[in-house]
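The structure under discussion appears below in the form of structure tokens.
The values are calculated or read from the model by the stated rules, or taken from the named source; none is laboratory data. Predicted model, so just to flag it, every value in this text is computed and none were measured. FYI the Cβ positions are ideal-geometry reconstructions off the backbone, even for glycines, and counts take in every protein chain you see.
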Amino acid sequence: MPTPWDDWNHVLKIDPDKELPDGVTYGDLCATGTDAIEVGGTMGITEENMSDVIEACAEHDVPLYQEPSNPEVVIQDDALDGYLIPTVFNAGSPFWITGAHKEWVRIDTDLDWERTTTEAYIVMNPDADVATYTEADCDLDADDVASYATVAERMFGQEIVYVEYSGMLGDEGIVEAAAEGTDDATLFYGGGINDYDSAYSMAQYADVIVVGDLAHDEGVDAVRETVEAAADA
Ligand code: 1GP
């Protein structure tokens, strides 16, 4: 079955806990040519800051997804195209594999399955908040990562495999291995993309590159360069 992300090259991830550069609006970020906006972050996420960003982006014509970091901050909003729910395959704590998900299903008796998709994360930067938070085992080589990617796709039917280096540019060989480990799943890569070249290097192997901090640190022109690289790769 075709999925929206089959056609994506680039996702802009906006962190509701982080400021935008002076003079930059959410509308400007929505107009960078990115294929979708994902609203999510690890630390400092509240229902209030999540809804503020979702409402601001909803006014613009770009696919809009929420990536909630825990069940308490899931926002019910018809403007959302869907929910992308992380499950961390190399988490040390099972809470981040299925525990938080169980809580969500328990709390929300009317979950919108049509608009809900999981992302099989493989967290690779041990210094990132997401690694600390989930107690991820980041000591993985290319074979480990390829195997996790295959497990995610073949055994757990995941449509999205997400190699996450949040905060640092990853190892191309690792991303290449994840690509080799997947067949039908869409491979997302995120972490440390800050210009055309870094975007291109990861987009060679990943189906979709995810750009986060750059939007908060540099703004619109820098993000546009990465959109261009994702299309060129
Ligand atoms: C974070 O993968 C994204 O979840 C993007 O990472 O903020 O390092 O671009 P950066």
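Surrounded by fewer than 20 Cβ atoms within 10 Å (Cβ to Cβ), aliphatic (A, V, I, L, M) and at pLDDT 95 or above: is that true of residue 91 in this structure?
no
Scanning segment 13-40 for residues that are assigned to a loop (DSSP other than H, G, I, E, B) and touching a Lys or Arg at 6+ places or on another chain (Cβ under 7 Å), we see that the one that is surrounded by the fewest Cβ atoms within 10 Å (Cβ to Cβ) is 33.
Here's a check for you: in segment 187-203, which residue that is hydrophobic (A, V, I, L, M, F, W, C) and within 9 Å of the ligand (Cβ to nearest atom) is nearest to residue 128 (Cα to Cα)?
Going residue by residue through segment 187-203, those that are hydrophobic (A, V, I, L, M, F, W, C) are 187-188, 193, 199, 202-203.
Imposing the further condition that a residue be within 9 Å of the ligand (Cβ to nearest atom) reduces the set to 188, 193.
Working: 188: 17, 193: 15 Å.
Result: 193.
Is it the case, given these coordinates, that residue 33 is modelled with pLDDT under 95 and over 21 Å from residue 112 (Cβ atoms)? Judged against the criteria, residue 33 is not a match.
What number of residues within segment 97-134 satisfy the criterion of being more than 21 Å from residue 178 (Cβ to Cβ) and either in contact with a Gly (Cβ under 9 Å, 6 or more places away or on another chain) or aliphatic (A, V, I, L, M) (or both)? Full working, then the answer.
Within segment 97-134, the subset more than 21 Å from residue 178 (Cβ to Cβ) is 98-116, 129, 132-133.
Still in the list and also either in contact with a Gly (Cβ under 9 Å, 6 or more places away or on another chain) or aliphatic (A, V, I, L, M) (or both): 100, 105, 107, 111-112, 114-116, 129.
Residues that pass the stated criteria total 9.
Among 116, 109, which is out of contact with any helix residue (DSSP H, G or I) (no Cβ under 9 Å at 6 or more places or on another chain) and farther than 22 Å from residue 210 by Cα? Walk me through it before giving the result.
Details: 116 fails: farther than 22 Å from residue 210 by Cα.
So the residue among 116, 109 that is out of contact with any helix residue (DSSP H, G or I) (no Cβ under 9 Å at 6 or more places or on another chain) and farther than 22 Å from residue 210 by Cα is 109.
Based on this model, can you work out whether residue 151 counts as in a helix (DSSP H, G or I) and within 26 Å of residue 7 (Cβ to Cβ)?
Working: in a helix (DSSP H, G or I): yes; within 26 Å of residue 7 (Cβ to Cβ): yes.
Yes; evaluated as a whole, the condition is true for this residue.
Quick one: would you say residue 197 is in a loop (DSSP other than H, G, I, E, B) and surrounded by fewer than 17 Cβ atoms within 10 Å (Cβ to Cβ)? Give the derivation first.
Working: in a loop (DSSP other than H, G, I, E, B): no; surrounded by fewer than 17 Cβ atoms within 10 Å (Cβ to Cβ): yes.
No, not satisfied.
Which residue, of 210, 145, 161, is under 18 Å from the mean Cα position of the chain (by Cα), within 12 Å of the ligand (Cβ to nearest atom) and of a type in the set (A, V, I, L, M)?
Details: 145 fails: within 12 Å of the ligand (Cβ to nearest atom); 161 fails: within 12 Å of the ligand (Cβ to nearest atom).
When all the criteria are applied, what remains is 210.
What are the residues in segment 176-194 that are assigned to a helix (DSSP H, G or I) and surrounded by fewer than 24 Cβ atoms within 10 Å (Cβ to Cβ), if any? If the condition is that a residue be assigned to a helix (DSSP H, G or I) and surrounded by fewer than 24 Cβ atoms within 10 Å (Cβ to Cβ), then 176, 177, 179, 180 are the ones that fit. Scan segment 105-148 for residues that are surrounded by fewer than 17 Cβ atoms within 10 Å (Cβ to Cβ) and either of a type in the set (Asp, Glu) or assigned to a strand (DSSP E or B) (or both) and the total you get is 13. Every test in (1) within 13 Å of the ligand (Cβ to nearest atom); (2) part of a loop (DSSP other than H, G, I, E, B) is passed by residue 77 save one, and that test is (1). Against the conditions (1) over 14 Å from the mean Cα position of the chain (by Cα); (2) within 16 Å of the ligand (Cβ to nearest atom), residue 122 satisfies every one except (1).
Among the residues of segment 180-209, write down those that are over 23 Å from residue 1 (Cα atoms), of a type in the set (A, V, I, L, M, F, W, C) and touching a Leu at 6+ places or on another chain (Cβ under 8 Å). Answer for segment 180-209, where residues must be over 23 Å from residue 1 (Cα atoms), of a type in the set (A, V, I, L, M, F, W, C) and touching a Leu at 6+ places or on another chain (Cβ under 8 Å): 193, 202.
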